[in-house]
Structures are given as C-alpha cells and as structure tokens.
Amino acid sequence: MDIIVVDSCHVDRATRLALRALWDRAFGERFSDDDADHAYGGVHVLARDGGRIVGHASAVPRRIGFGDRPWLTVGYVEAVATDPACQGQGVGRRTMTRLQEEIRSRWPVALLSTGRATGFYERLGWERWRGPSYTRTAAGVVPDGEHGGLMILRVDPSVVPDLATRVTCEDRPGDAW
Ligand SMILES: CC(C)(COP(=O)(O)OP(=O)(O)OC[C@H]1O[C@@H](n2cnc3c(N)ncnc32)[C@H](O)[C@@H]1OP(=O)(O)O)[C@@H](O)C(=O)NCCC(=O)NCCS
C-alpha cells in the first residue's frame with residue numbers, strides 16, 4: 001500500500017471523483033456535498049492499493065476560539081474514511097498517522113468531529129473535548145447544544161491547556177463542526 005500526501009490544489013478531477021465514491025461507500029447517506037466541500041482547502045493523505053484509493057484523511061485550516069483567548073488557526077480534520085472492504089487492516093491508522101505528521105508541521109493544535117469513531121482517534125493520541133461548543137454565525141454566537149464527538153490533538157499542549165473551556169468555530173454551509 002502506498003501513502004501519498006497531496007495539497008488540495010493538486011487533487012485532479014479523477015481523484016476527486018474516486019474520493020467521493022470512497023466517502024459514499026464508507027459513510028453511506030450520512031455524507032453530503034457540504035461534507036465533500038469541507039474536505040478541500042488543505043492537505044490530503046491518500047492510501048492507495050494497486051492504484052485504487054482505499055483510505056483518505058485531510059486537514060484544512062480553520063479559525064477557532066478557545067475560551068477568552070484570541071482566535072487561533074488550527075488544523076481541522078475532515079472526511080476520514082477507509083474503504084469498507086479494507087477496514088480493520090490498519091489503513092485508517094496509517095493514513096491518520098501520516099496526516100498527523102503534516103498537522104505537526106503546520107498547526108499547534110488540530111480538531112475534528114466524529115460520531116462513531118472516538119476510540120479510533122483516542123488510540124492515535126486525540127483527546128475528547130470536555131467543554132461546551134459554539135458557532136459564530138451572522139446572528140451572533142450560538143450554542144451547539146449537541147456536541148459529544150469533538151476531539152483535539154494537542155501538538156503543543158500549552159496552546160490549549162484547558163479542555164473544559166468553551167470552543168467556538170465560524171459557521172459554514174452544512175455541519176458547522
Ligand atoms: C473509522 C475508520 C476510518 C477506521 O478505519 P480502519 O482502517 O478500519 O481502522 P484501522 O484498521 O486502522 O484501526 C486502527 C485501530 O482503531 C480501532 N478502530 C477502528 N475503527 C474504530 C471505531 N469506529 N471505534 C473505535 N475503534 C476503532 C481498530 O480496532 C484498531 O485498533 P487496534 O490498533 O487496537 O487494533 C473506518 O471504520 C471508516 O471509514 N468508517 C466509516 C467512516 C467514519 O466513520 N469515519 C470517521 C468519521 S470522523
């Protein structure tokens with residue numbers, strides 16, 4: 001299996017189509033056009049087996065507010081998926097481990113939101129966010145009120161010492177987190 005790192009601006013149309021097919025297979029109907037858009041604008045790690053893409057993870061820059069501190073640019077991880085035919089064989093771990101190297105060279109902190117894979121990320125060094133989360137919208141800052149799957153990777157723990165403070169993202173089309 002090959003692990004490839006590529007910036008979004010160099011992902012060609014054929015690869016974009018292959019990635020959308022991978023996400024649809026891995027996530028099913030939960031995966032929207034907005035989710036696909038969110039995956040671009042940063043760096044991708046692709047796992048390829050015989051030319052076929054079997055794994056993906058990307059990280060994009062996002063502005064995030066932690067407590068009362070000035071807003072910070074962090075890496076935001078999106079569209080992590082392993083082809084269902086290849087799950088449970090270490091593809092996800094290898095893909096994320098490589099992405100985390102890219103994160104470490106770019107940002108002091110990374111965040112992601114997951115519904116079902118908390119344990120997968122905890123094995124890779126991620127921590128569960130324990131505080132409340134908010135979204136900054138045109139109408140003001142609104143509580144999310146639902147969030148249980150927000151996780152953080154602290155490359156430099158001194159940047160975000162308190163995981164129980166409030167965290168705020170900018171609104172965007174589709175899921176804010
Ligand atoms: C989550 C996902 C990416 C994992 O990929 P994978 O290639 O099957 O994972 P790996 O085989 O590398 O597993 C690495 C470790 O994580 C564990 N793990 C895998 N999926 C897990 C899950 N959903 N919850 C908890 N642990 C999980 C594995 O048991 C393994 O543990 P081990 O090292 O102790 O053996 C894959 O199941 C997937 O694509 N799911 C559907 C899409 C999805 O939910 N993506 C994440 C959304 S944020």
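Nothing in this text is a laboratory measurement; each read-out follows from the coordinates by a stated rule. Treat the numbers as computed from the prediction; the structure is a model and nothing was measured. We place every Cβ from the backbone using ideal geometry, glycine too, and count neighbours over all the protein chains shown.
For the reader, a short list of remarks on this structure follows.
- Of all the numbered requirements in (1) under 13 Å from the mean Cα position of the chain (by Cα); (2) more than 20 Å from residue 151 (Cα to Cα), residue 99 misses one, and that requirement is (2).
- Here residue 101 meets the list (1) more than 14 Å from the ligand (Cβ to nearest atom); (2) crowded, with 19+ Cβ neighbours inside 10 Å; (3) over 23 Å from residue 169 (Cα atoms) almost entirely, failing just condition (2).
- When the residues of segment 108-124 are filtered to those that are in a loop (DSSP other than H, G, I, E, B) and more than 18 Å from residue 97 (Cβ to Cβ), the one that is farthest from the ligand (Cβ to nearest atom) is 108.
- For segment 73-88, a residue qualifies if it is in a strand (DSSP E or B) and more than 6 Å from the ligand (Cβ to nearest atom), and the qualifying residues are 73, 74, 75, 76, 77, 78, 79.
- Some residue of segment 155-163 being within 16 Å of the ligand (Cβ to nearest atom) and crowded, with 19+ Cβ neighbours inside 10 Å: no
- In segment 76-96, residue surrounded by the most Cβ atoms within 10 Å (Cβ to Cβ) [restricted to those that are farther than 18 Å from residue 34 by Cα and small (Gly, Ala, Ser)]: 92
- Some residue of segment 47-67 being without any contact (Cβ under 8 Å) to a residue 40 or more places away in the chain, surrounded by fewer than 23 Cβ atoms within 10 Å (Cβ to Cβ) and of a type in the set (Lys, Arg): yes
Yes or no, residue by residue, for (1) more than 16 Å from the ligand (Cβ to nearest atom); (2) closer than 30 Å to residue 158 by Cα; (3) touching a Leu at 6+ places or on another chain (Cβ under 6 Å); (4) charged (D, E, K, R):
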position: 3; (1), (2), (3), (4): no, no, no, no
position: 18; (1), (2), (3), (4): no, no, no, no
position: 53; (1), (2), (3), (4): no, no, yes, no
position: 66; (1), (2), (3), (4): yes, yes, no, no
